[in-house]
Amino acid sequence: MQSEQGYYGQYGGSYIPEILYTSQQQIVEAFEDAKNDPSFLQELHKQWQQFSGRPTPLTHCENLSHYFGGAQIYLKREDLNHSGAHKMNNVIGQGLLVKRMGKTRVIAETGAGQHGIATALVAARLGLECTIYMGAKDIARQYPNVFWMKQLGATVISVSTGSQTLKDALDEALRDWSGSHQNSHYLIGTACGCAPFPEMVAYFQSVIGDEVKTQSQTQFKGLPNKLYACVGGGSNAIGLFNAFLDNDSVEMIGVEAAGKGTAIGEHSIRLSHNYGSKAIAQGFSSIFLQNESGQLQDTHSIAAGLDYVGVSPIIAHLAETGRVRMAYASDEEVLNACSLLLKKEGIIPALESSHALAAAFREAKQRPKDEHIVINLSGRGDKDIFNVAKAFQDDEFVPFIQDYADQFHKTNDVTSEV
C-alpha cells in the first residue's frame with residue numbers, strides 16, 4: 001500500500017527533529033531508487049531465498065480443520081524463516097539499503113526480541129556495527145534472544161525508563177539516531193515511525209501475501225475467504241494483507257492483545273473497542289493509548305511483541321475505512337490456542353502469533369467446510385519457553401532451571417580457579 005506524501009488517510013506523516021531531515025530524505029531517495037533498480041531487487045530476492053529460506057510454505061492444518069468441523073485452516077509459515085519470524089523480510093531489505101547508502105551502523109528497537117535478533121544476524125552478515133535497545137522487562141522475559149544478539153556481536157542496551165517495554169526502547173533508539181545519523185541507520189522493525197518507514201517496511205513484508213496469493217491458487221484453486229494476523233505495530237499483518245487489498249471478497253482480520261482485563265495497563269487494545277485515540281508520537285500520527293492529558297499509557301500482553309502503545313498508520317487507516325476488521329484475544333485464549341496447535345498439529349507458535357490463532361479458531365467452527373482461512377504464523381515459540389512453562393504451570397521446569405543454574409555456577413567456579 002503506497003502512501004500519499006507519507007500519509008494514509010489522516011495517519012502517518014513525519015514529525016521529527018530538524019537535525020534528522022537530511023538523513024530522512026536520504027532514506028526516501030535510496031528507497032525509491034532501490035525499488036526501481038533490478039540489481040537491488042535481484043539481490044533482495046537472492047538473500048530472502050539463500051539466507052532466510054523463502055518461500056515459506058502454506059500449511060494445511062487438517063487435524064484442526066476436522067477438530068472444529070468448519071472452515072479449512074491454513075498457516076502461512078513465517079516461523080520457518082531464518083531467526084524464526086517474519087522480521088527477516090524487512091531487515092534484509094533495510095540492511096541492503098544501509099550498504100547502498102554507505103552507512104556503517106544500524107540501530108534497532110525490539111520487544112519480543114525477534115526484530116533484535118534478525119537485525120543482529122543481518123548486521124553480522126553485512127559487516128555492520130549494531131546497537132539494539134530493549135526494555136528491561138522485555139529482556140527479562142525474552143532473554144534467550146538477548147543472549148544470541150550478544151553472541152552475534154550486537155550491543156544490547158537495557159531501557160529502564162517508563163514501562164520498560166517496546167515504546168520506551170523506541171524512544172531511546174530515536175534519541176540515538178538523532179545523535180548518530182551521519183553514520184547510522186535506524187532500522188525500524190515495524191510499520192511505524194516517520195515516513196518512509198511505514199511504507200518501506202510494508203513493501204519488504206509484502207512478500208508474505210504475494211506468496212500466499214500464489215500458493216492458495218495452487219493448493220485450493222482460489223483466494224482465501226479470510227486472513228488473520230496479530231497486530232502489535234502491524235508489520236506482519238500488513239505483509240499478509242497488502243496483496244489482497246483490492247480483492248473485496250477476501251476479509252482481513254487484525255487481532256490485538258486483550259491481555260488480562262480492560263483497566264489501564266492490562267491490555268494493548270487500541271482499535272478494537274476504540275480505546276485508543278489519535279495522537280502524534282514517536283515521529284508519526286496514528287492511534288495510541290493515552291490519557292486525557294495526552295500521556296501514553298502503560299500496556300500489557302503475555303506476548304512481548306504485542307504490547308506496543310500505538311499502531312501502524314497503515315493499519316489505523318485500514319481499520320478506520322473498514323477494509324480490515326479488528327478483533328482481540330485475551331492471554332487465556334492465547335495460551336489455549338497455543339496448546340491446541342501444539343497438540344493437534346505439532347507446530348510450536350510464538351505467543352504473538354497465537355493471538356491470530358485464537359481469533360481464527362473462534363470463528364472457524366462457524367464457517368462452512370468449503371471456506372479457506374489463512375493465519376499468519378508470524379513466529380515460532382522457542383523464545384517463549386519460559387513464559388509458556390510458567391503459564392502452563394509445569395512442575396518440573398522450575399527445578400530444572402534451578403539445577404541448571406547451580407551446575408552453571410559450579411562450572412564457572414571451577415574454571416575461575418583453574
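A few notes on this one:
- Filtered by the rule that a residue be within 22 Å of Asn387 (Cβ to Cβ) and aliphatic (A, V, I, L, M), the stretch 109-154 gives Ala112, Ile117, Ala118, Ala120, Ile132, Met134, Ala136, Ile139, Ala140, Val146, Met149.
- Residue that is farthest from Ser235 (Cα to Cα), among those in the stretch 256-298 that are β-branched (Val, Ile, Thr) and modelled with pLDDT of 95 or more: Ile280
- Residues (surrounded by fewer than 18 Cβ atoms within 10 Å (Cβ to Cβ) and over 25 Å from Leu96 (Cβ atoms)) located in the stretch 126-140: Ala136, Ala140
- Restricting the stretch 144-167 to residues that are farther than 22 Å from Gln282 by Cβ and touching a residue at least 40 places away in the same chain (Cβ under 8 Å) leaves a set whose member that is surrounded by the fewest Cβ atoms within 10 Å (Cβ to Cβ) is Pro144.
- The one condition in (1) assigned to a strand (DSSP E or B); (2) in contact with a Leu (Cβ under 9 Å, 6 or more places away or on another chain); (3) β-branched (Val, Ile, Thr) that Ile280 fails to fulfil: (2)
- Pro399 vs. criteria surrounded by fewer than 24 Cβ atoms within 10 Å (Cβ to Cβ) and part of a loop (DSSP other than H, G, I, E, B): no
- Going through (1) assigned by TED's automatic domain parsing to the domain that holds Gly239; (2) at pLDDT below 95 one by one, Ala112 falls short only on (1).
- Residue within the stretch 332-344 that is touching a Ser or Thr at 6+ places or on another chain (Cβ under 6 Å) and either surrounded by fewer than 24 Cβ atoms within 10 Å (Cβ to Cβ) or not aliphatic (A, V, I, L, M) (or both) present: yes
- The residue of the stretch 55-73 that is surrounded by the most Cβ atoms within 10 Å (Cβ to Cβ), among those that are among the β-branched types (Val, Ile, Thr) and under 19 Å from Gly84 (Cα atoms), is Thr56.
- Pairs where the first residue, in the stretch 321-339, is in contact (Cβ under 8 Å) with a residue 40 or more places away in the chain and the second is of a type in the set (D, E, K, R) and surrounded by 16 or more Cβ atoms within 10 Å (Cβ to Cβ), C-beta under 6 Å, 6+ apart: Tyr328/Glu256
The values are calculated or read from the model by the stated rules, or taken from the named source; none is laboratory data. Values in this document were obtained by computation on a predicted structure and should not be read as measured data. Don't worry about glycine lacking a Cβ; one is built from the backbone with ideal geometry, like all the others, and counts go over all protein chains shown.
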